[in-house]
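What follows is a short report on a single structure.
The values are calculated or read from the model by the stated rules, or taken from the named source; none is laboratory data. Everything numeric here is computed off the predicted structure, so don't read it as measured data. Here Cβ is always computed from backbone atoms with ideal geometry, including for glycine, and neighbour counts include all displayed protein chains. Areas reflect the complete protein model, heavy atoms only, side chains present, ligands, DNA and RNA absent. Shrake-Rupley method; radii C 1.70, N 1.55, O 1.52, S 1.80 Å.
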Amino acid sequence: MSVSIGTLLLFLLPFAMLGLAKSQDVRLRTGSISFSNHDTSAQQGQQGGAAAGDSSTVASRSASISEPTSSLDPLAYRSAEAWGLAPLLRLYVVQYSPEGGSGSSSGSSSSTGADASPPAAGLLVSAVSAAGGSVLSYVPDSSLLVVALPEAAAAVQRDTGAVMVELGSEHRLAPECAPLLMASAAEIQQGGSSLSSSSSSSSRLVPWLQQQKRRLLGETVTGSRKPQQVHEQQSNEVMHSPVLVPDLQQCTKGEVKQVRLQPVDENEEGSGSGAASGSGSASRRLVATAAGSSLNDGSSSSAQEVARRALLRRMRQLPLADEREVPAALAGAAEHAARRRQMAASDATAAVPPPQYELLVELLPVSAVTAEAVAAAEADWPGAMSAAFEAATGAPVGTCMPLVSAVRGFAGQAMVVEQQSEGDAGGAVAGARLRVFVCEQHLSAALDWLSSQPVVRWVSPRMTHTHRNARASILTQSGSLTAAEYADPVGDGSSGAEAARRPYWAAGLDGTGEILGSGDTGVDLDNCYLSDPRYDSGAVAGQLVNVTETWTSSNGNGTVWWRPDDRVWRPSDHRKLVQYYLPAGCVYGDNPAQGTAGHGTHTAGSMVGALLALQLAPGYNGSVLSGAAGEAAAYGPTVLDAGSGAAPRAKLSVVDISLPLVRGDPEAGLQTPEPVDDVYLRLHYEVGARVTSDSWGTDINIYEETAQAYDAFLWRNPDSIAFIAAGNNGSDALTPGGSIGTPATAKNIVAVGATYRVPAELGIGPQVLEVRGSTPGTDGSTPTEVLRLSVYPMENPDLPQLLNIIPLGSQVPLVVADPPDACTPLTNPAAEVRGAVVLAVRGECWFYQKVLHVRAAGGGAVIFVNNVPEMMDSPPAPVYPNSNYYAAKMATSVISQGLGQWLLGNASAGVELSLANTVKNAGSDTVAFFSSYGPMADGRIKPDIVTPGVLITSAGAKGGITGGACSPAQANLSGTSMATPHAAGHTALVRQYLRTGFYPTGSPADAAAAPFTPSGMLLKAALIAGAKSLQGGLAMALGIPMGPPPDAYQGWGRLSLPDTLPLPGLTPAGFSLQVADRGQFTASGQQAALTGITATGKGPISIVLTWYDYPADVNSPTQLVNDLDLTVGLGGGRDGSPPQSLMGNNPEGALRPAPDRVNNVERVYITHPSPGAALTITVTAHSLPSRLLSGPDALLPQRWAVAVVGHFSGTLASELNPAYVRQGQLGTRGDSGGGGMQQATSSPPPSPSPPSPHPPSPAARLPPAPKKAAPRPRPKGAGKKKRNAGAAKSPAPPPPAKIQA
């Protein structure tokens, strides 16, 4: 018997949805804000006769509003003229009533008080604006974050009855900072802790920090990394790197044997080099290889240090010990480094300056924080912070003087918010950002000081970003993969074999005219899959030129971006590249010797890789071809092989973001140009890339500034779609909130998980450990098996491995230690423990003590249950104190807290557990064990889709771009890094399908062909609508079958072109696609109805609504801002079936359907629609809180798109549907058989020109900058970019559907 995904989701969802219940409190990630404690009526009654203009009187009217502070750090704000009123601003949270409210402009006490309703949204926003305040962001439910002067906030409260609660410094610190707020070893050695020396800091860091402190002081916290599952080139952080997967073997059949492990000899300590294989030993002691493994597992001091170290390993560093390590793009870094080295040279005890760690400080995004203020912060804050550090630690700062550097644009222009009109306080998703670098011993004091500054909105640790196919293309294009196709993915080369394996390529959908964007470790241009015979790849480095273009910020903050230290090569007609962009400080090329693992070349090849026939022709020596010969070669025949990419005729925009390899690190880090939304993603957008693929991120499962930046970019640019690898932490099972890593946590992107790509009929799969549970039989009857669950313990590689000591096809008892923590001798019956694997809870004592107690009881191995949600950063090492010698040669490992608690719960309920060594059958419907899972902490569905990502063959980097004859090198890698470019490449085919007239019938020659340029929202909707259900397939991380989508592992299913795009000869007759693209809402309550299609009854119908949502506040526990609803009315069928009303994201047949208030994707799936049933698709704007916010982004309408795939007839009768518009041109609308809502007449979307086989590199013009109050001086040509001739422009979208308010 196996456990179902649904059963385990019942275990996870209470955690995922924790704290989302509606109440009077406003819930933030940093804690709850209670409005019930703030009664304004008494204060207002006492001050009723005060003059409205008396600021001292107004400020005293509310206990919620504090007086302007007089305790500003004089060193920080000594440039008073530069700062102006900014330090007097305060950040408030205020509730509103979406339905109205009792607030009024009269300010009467009858409308105020703790029991009064909040004011109406419109009244509140108007009052804030009139008082000179700014509405920054929305926090569910019905709350706003507002910036205003205290007297302005008091006026708003008086005039509307709103309760304005000021956010203290504890609500400006990201919860991830908690480990850094503890005293470090370095601070202890200096004789003090910043927390202990600042009593005010600890008292005000409530409630979240107090909870974090209790957890950290009572339990060990570490990071999440599984060394045995990641690529051999490890880094200090789990990212979307390629992962090692077990070799596929023939599946285990028949009953497993019951065995017991050989108990570990009590007289043997350690085993030597043979331990990893479970063999004997040549030495008495085994020396541990893991540094720091002697930490006490139970003491509070080691717990906080472990947690701190885990976070420090993930954070960005500024080494600065060598001139070559100074980041060129970091303003002031060179001078800072020179000053530190000079100071170190004069100090014999500090010859090498210690590294400094980066904190991101976001200032209030309002116009009061000017460029002059940012410059003052850069100049004055280091000195002010140094004084605070010395006061906190009692030691001089020395070489650890902090660096404060702003993210800047042209000529050093700070990224500040500018007024859009007279009196406008400004507002934006993000304002000025400061990169602050401090030494380890000063981190807690720095966080305390920074969060206390009134101009600071948010402080967070900066995390390092590092990395996260022919058989796969068969599976995605044909929908299935046979054993014969798996063995021979190419076939005999005939057109018939090609059409059967890759029907969309055979139809001409090969990516021609499409451009994809990717940021990665660069590209090996010597590789034949990516090289062009007309270019000498060895000379490309010399053709990289400094960037001269400038461009205006898209978020309305007035910044003009210019990156003169970056270099770029934009070839006029390279067959694969439209751009190779190298940011300052990054390393050109993709050289595995530099710690890249060939990652960028592999992902690029997965998207667009293609071998040219010429490159493999006998006698070709790699010489550069020109003229007609070069043209014929570059766009001539290609050779299909196992490494061919998904879109072999598409092109790439490459941003090489690989950092120099730091000495001692095996893997290079990645760093995108910043800001991500306004620079990195715009670099791709500028050259025409509308599909981007990013296989990098962090393993931190939160919504932070990078995820927010992706959402902001897509909110502004709905014609784009972004794919991001979900992460490779799937084996950290049953972790509440899932294991998706940021920025795949963003709402608007497509997070991609990984599946196997082998046919199930082969009966092969990975060798895994499987927990089996049974209940004892009654009266001697056979025990009943009640569960089977695959587990992937993080094992110590120095010690015996479980898969080696448990024979294949056998199982051993799995028993729970008594006591559970194994800190004292076990009291289990000797016969129970002898030769068994013992499950023990982590904490309270040393690992070696636990292991010795298990060994003394006769146990054969120990698996620790982690005692905190975050997985350990490294496997447990049972070594003696203050040594690196292991206490015993015993298999030692750890599993996640969620999985361990679930197993402990079953054991306490009487289930007898065992651990088996078996081989699980892995088919094409199997999600890989490493693929990160959801749902997100707020309940959102992630990943969005899955695609093949196990042992993917693609282009391989050989190292060093030299030119000459190209290299046909290939590499086989696994990971969600490999699945993501596969999804992006095939989405380019979907975009080409829609753009070149295959829509709606699958034939561009059809008179009804309606070519149009789709939005990214529509592409996302189409992919999800056509995603193939993996019901019945295995989620290999648990080894259990999945149910119907969506779920935490498959998301909405596996990307499948034949279930999305009608194609004659492939898809069944009557299979259809209909769309409505670029709908717009501007007010809550608006509605659009789409009619005109009728079910045929021959198969299912899938209707998907997607919208790019406004970016959420990083302190909000729930990320959805604008909420749309999808409902589908299904009329009565010819078989007499009654009409139905179906609501998005509810199971079919739900007795009490409820609207989804979490996701920005909604689907209605009808498995068996009655023939003749007419469909009415209604999209409703339930609420649009973004319309209440300040700034240009908030003025944009809420755009949306709908895709319908399945078995139906007719045409969606909407001007949003190009097929319907085309019918109007042809005069055939009467043939559609459908009615529809009244539409505004419009011209059809223009058809793009037929793409040439090798289109010139397009460079789309940016939208004009918002009007600014005062123009800034710019260089000649600033704000304008040079365009290539023939640049492609996206057709104008059709007008929105007529909406019903």
Report task. Taking H placed 1.01 Å from N in the peptide plane, check which residues at least 5 places from A861 or on another chain put their amide H under 5 Å from its amide H. Result -> V838
Requested in this report: Rank by packing, highest mean first: peptides 81-94, 153-166, 973-986, with packing defined as the count of other Cβ atoms within 10 Å averaged across residues.
Outcome: 973-986, 153-166, 81-94
Requested in this report: Would you work out what percent of the accessible area of region 585-737, with all protein chains in place, is carbon or sulfur (probe 1.4 Å)?
Outcome: 58 percent
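Let me know the charge dipole size of region 754-819 about its Cα centre in debye, to the nearest 20, where only the beta-carbon of Lys, Arg (+1) and Asp, Glu (-1) is charged.
Rounded to the nearest 20 debye, it is 200 debye.
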Query raised in the report: With the contact rule set at Cα under 8 Å and sequence spacing of 6 or more, what percent relative contact order holds for region 750-843?
Result: 19 percent
Report task. Determine how large the accessible area of R563 is when every protein chain is in place; take a 1.4 Å probe and give Å² rounded to the nearest 10. Result -> 40 Å²
Report summary line: Counting Lys and Arg as +1 and Asp and Glu as -1 over every other residue whose Cβ sits under 9 Å from the Cβ of I515, the net charge comes to +1
Requested in this report: Using the Karplus curve 6.51 cos²θ - 1.76 cosθ + 1.60 with θ = phi - 60°, work out ³J(HN,Hα) for each residue of region 747-764 in order, rounded to whole Hz, and write x for Gly and Pro.
Outcome: 7, 7, 7, 10, 7, 10, x, 10, 10, 6, 9, 9, x, 4, 5, 6, x, 10
Query raised in the report: Under the definition of Cα pairs under 8 Å and six or more residues apart, what whole-number percent is the relative contact order of region 809-934?
Result: 27 percent
**Report entry** Where T892, T827 fall by accessible area, highest first, once all protein chains stay in place (1.4 Å)
**Finding:** T827, T892
Report task. For region 87-95, take each phi angle, set θ = phi - 60°, evaluate the Karplus expression 6.51 cos²θ - 1.76 cosθ + 1.60, and give the result in whole Hz per residue in order, putting x for glycine and proline. Result -> x, 8, 5, 10, 10, 10, 10, 9, 9
**Report entry** For G737, distant residues with modelled amide H under 5 Å away
**Finding:** A16
Query raised in the report: Just from the alpha-carbon atoms, what are the Rg and Dmax of region 570-674 in angstroms?
Result: 16.0, 50
Report summary line: Expressed in square angstrom to the nearest 10, the accessible area of D141 with a 1.4 Å probe stands at 90 Å²
Query raised in the report: Counting only protein heavy atoms, what percent of the accessible surface of region 132-173 is carbon or sulfur at a 1.4 Å probe?
Result: 42 percent
Requested in this report: Can you send over the carbon and sulfur percentage of the accessible area for region 742-875, probe radius 1.4 Å, protein chains only?
Outcome: 55 percent
Query raised in the report: Hey, what's region 912-980 come to in accessible area per residue, 1.4 Å probe, Å²?
Result: 20 Å²
Query - Given K942/K1020; K1020/K1098; K747/K1020; K651/K1020; K747/K920; K747/K1098, the pairs whose alpha carbons are separated by over 23 Å - result: K1020/K1098; K747/K920; K747/K1098
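Quickly rank 397-408, 1022-1033 as a protection proxy: mean count of other C-beta atoms within 10 Å, highest first.
Packing proxy ranking, top to bottom: 1022-1033, 397-408.
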Report summary line: Here the net charge surrounding E832, from other residues whose Cβ is less than 13 Å away from its Cβ (Lys, Arg +1; Asp, Glu -1), is 0
Query raised in the report: Which whole-number percent gives the relative contact order of region 920-1048, counting Cα pairs below 8 Å spaced six or more residues apart?
Result: 31 percent
Report summary line: In whole angstrom, the spacing between the Cα centers of region 648-710 and region 1129-1194 equals 35 Å
Query raised in the report: Label S781 and T1167 with points 7 Å out from Cα along Cα→Cβ: what is the distance between them in nm?
Result: 3.1 nm
**Report entry** Computed label-point distance, nm, for sites L1226 and S774 using a 7 Å Cα→Cβ extension
**Finding:** 6.5 nm
Query - Surface per residue (accessible, 1.4 Å probe) for region 810-903, Å² - result: 28 Å²
Report summary line: Under 5 Å from the placed amide H of T552, counting only residues 5+ away or on other chains, we find W561
